[in-house]
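Okay, so here's the structure we're looking at.
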Amino acid sequence: MSVTQTIRDLSELLPVAQQACRLLFQECYKAGIQNIFVTETYRPQARQNYLYEQGRTRSGPIVTWTKASRHTSRLAWDIACSSPAALYDAALLSRVGAIARKLGITWGGDWENNIDRPHFEVKNTWTMPNGYKLEGQVIVPSNSKLRVQLIVEDNTEEDELMDKGALFNPGSSTLRESAETYLAQAVTEGIIQDSHLKDFQNNLMTGDRLFGLFLTIEQRRSTRNSNTFTVTGKSELAALFKRAYEQGIFKIDHSGNINTMTDGEINSLLAAYVNRKV
Ligand SMILES: [Zn+2]
């Protein structure tokens, strides 16, 4: 790890700081702020020393006032703003700072000397303040292209899909595996709860529920990404359609046309597929 490299992974912070940072981003999202992202989290001591030397024993402007930063103890993170705001838009950072203050998170903009508006930190005794909780999956961007997101599970919608119809029991083990991989991927992305995957693995998944899950997953993915079916999703679909053709479920091989098909066309094909298969 070079001293000039920055670490942006939230997972490099202590769990308490990860939780505080997620809460901050959630509350920003709820306040309508989506254009902020993390620029640095954990900073090894060697890098902190290197930054401290800048403007002192090495040329360049002073960028830090201490060798004992909470970044090195995995309790601090820096943020920046993305378009349409300027990278370090003081007004926007101050709005985030005001939200942090309410949450018991220290904001560098409140420091009387050495104001550091992009900087946020907590003590390792920080706890979630009364009346707050993480309400869903909080997407904390680590680059300017992503937006802050809060994805709240709508359980009732999924619960309705339970216990209806015949169990999903495909003749081919390949199809079974690809359905399992597909669900596991959605769990990893935080789109559905892992109880669905467990039920699938325990042979408790009905065909109707699986199809409903498929629609839910694709819908949520498309809300999350502006481009609807993801690249991974598309290549999986291509593989699925290819097999469906080989197995005679489809008379035409649709696998080569995925990229030019509309989502509606893909969904209709999938509905036909599930219908013929179940
Ligand atoms: Zn900082």
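Quick check: anything in region 144-158 modelled with pLDDT under 90, in a loop (DSSP other than H, G, I, E, B), among the β-branched types (Val, Ile, Thr) and exposed (fewer than 15 other Cβ atoms within 10 Å of the Cβ)?
Yes, region 144-158 contains at least one residue that is modelled with pLDDT under 90, in a loop (DSSP other than H, G, I, E, B), among the β-branched types (Val, Ile, Thr) and exposed (fewer than 15 other Cβ atoms within 10 Å of the Cβ).
Here is a list of conditions, (1) crowded, with 16+ Cβ neighbours inside 10 Å; (2) among the β-branched types (Val, Ile, Thr); (3) within 16 Å of the ligand (Cβ to nearest atom), and residue 16 meets all of them except one; can you say which number that is?
All conditions are met except number (3).
List the number of the failed condition for residue 59; all other conditions in (1) modelled with pLDDT under 95; (2) touching a strand residue (DSSP E or B) at 6+ places or on another chain (Cβ under 9 Å) hold.
Evaluating residue 59 over (1) modelled with pLDDT under 95; (2) touching a strand residue (DSSP E or B) at 6+ places or on another chain (Cβ under 9 Å) leaves (2) as the failure.
Name the pairs: first residue in region 70-82 and closer than 17 Å to residue 126 by Cβ, second residue more than 10 Å from the ligand (Cβ to nearest atom) and among the acidic types (Asp, Glu), Cβ to Cβ under 7 Å, at least 6 apart or on different chains?
74/12
Residue 33 - would you say it is closer than 24 Å to residue 136 by Cβ and either part of a loop (DSSP other than H, G, I, E, B) or not assigned by TED's automatic domain parsing to the domain that holds residue 143 (or both)? Steps first, answer last, please.
Values: closer than 24 Å to residue 136 by Cβ: yes; either part of a loop (DSSP other than H, G, I, E, B) or not assigned by TED's automatic domain parsing to the domain that holds residue 143 (or both): yes.
So residue 33 passes the test.
Residues of region 184-215 being without any contact (Cβ under 8 Å) to a residue 60 or more places away in the chain and closer than 18 Å to residue 277 by Cα, which ones? Let's see the steps before the verdict.
Quick first cut of region 184-215, residues without any contact (Cβ under 8 Å) to a residue 60 or more places away in the chain only: 184-206, 209, 212-213, 215.
Within region 184-215, 200, 203, 204, 205, 206, 209, 212, 213, 215 meet the criteria.
Looking at residue 90, is it near the ligand (Cβ under 10 Å from one of its atoms), at pLDDT 95 or above and of a type in the set (Gly, Ala, Ser)?
Numbers: near the ligand (Cβ under 10 Å from one of its atoms): no; at pLDDT 95 or above: yes; of a type in the set (Gly, Ala, Ser): yes.
Answer is no for this residue.
Looking at 216, 188, 262 in this structure, which one is β-branched (Val, Ile, Thr), surrounded by fewer than 18 Cβ atoms within 10 Å (Cβ to Cβ) and within 21 Å of residue 136 (Cβ to Cβ)?
It is 188.
Counting only residues that are crowded, with 20+ Cβ neighbours inside 10 Å and within 24 Å of the chain's Cα centre (by Cα), which one in region 59-77 is farthest from the ligand (Cβ to nearest atom)?
Restricting to residues being crowded, with 20+ Cβ neighbours inside 10 Å and within 24 Å of the chain's Cα centre (by Cα), the top hit is 75.
Residue under question is residue 56, and the condition is that it be assigned by TED's automatic domain parsing to the domain that holds residue 138 and more than 19 Å from residue 116 (Cα to Cα); does it hold?
Numbers: assigned by TED's automatic domain parsing to the domain that holds residue 138: yes; more than 19 Å from residue 116 (Cα to Cα): no.
It is false that residue 56 is assigned by TED's automatic domain parsing to the domain that holds residue 138 and more than 19 Å from residue 116 (Cα to Cα).
I need every pair where a residue in region 87-101 that is part of a helix (DSSP H, G or I) has its Cβ under 8 Å from the Cβ of a residue that is among the basic types (Lys, Arg), sequence separation at least 6 or different chains.
Close Cβ pairs satisfying both conditions: 90/117; 93/117; 94/117; 97/117.
Can you confirm whether residue 52 is outside any loop (DSSP other than H, G, I, E, B) and closer than 26 Å to residue 126 by Cβ? Don't jump to the end; show me each part of the working.
Numbers: outside any loop (DSSP other than H, G, I, E, B): yes; closer than 26 Å to residue 126 by Cβ: yes.
When the stated conditions are applied, residue 52 passes them.
Run down 19, 45, 34, 54 and say which single residue is of a type in the set (S, T, N, Q) and within 16 Å of residue 132 (Cβ to Cβ).
Values: 45 fails: within 16 Å of residue 132 (Cβ to Cβ); 34 fails: within 16 Å of residue 132 (Cβ to Cβ); 54 fails: within 16 Å of residue 132 (Cβ to Cβ).
Result of the check over 19, 45, 34, 54: 19.
Please name all residue pairs, on different chains or six or more residues apart, with Cβ atoms under 7 Å, provided the first residue is in region 102-121 and is outside the structural domain of residue 80 (by TED's automatic domain parsing) and within 11 Å of the ligand (Cβ to nearest atom) and the second residue is at pLDDT 95 or above and not basic (Lys, Arg).
The qualifying pairs do not exist here.
The values are calculated or read from the model by the stated rules, or taken from the named source; none is laboratory data. What you see is a predicted model; the values in this text were computed from it and never measured. Ideal geometry is used to build each Cβ from the backbone, glycine not excepted, and the neighbour counts take in all protein chains shown.
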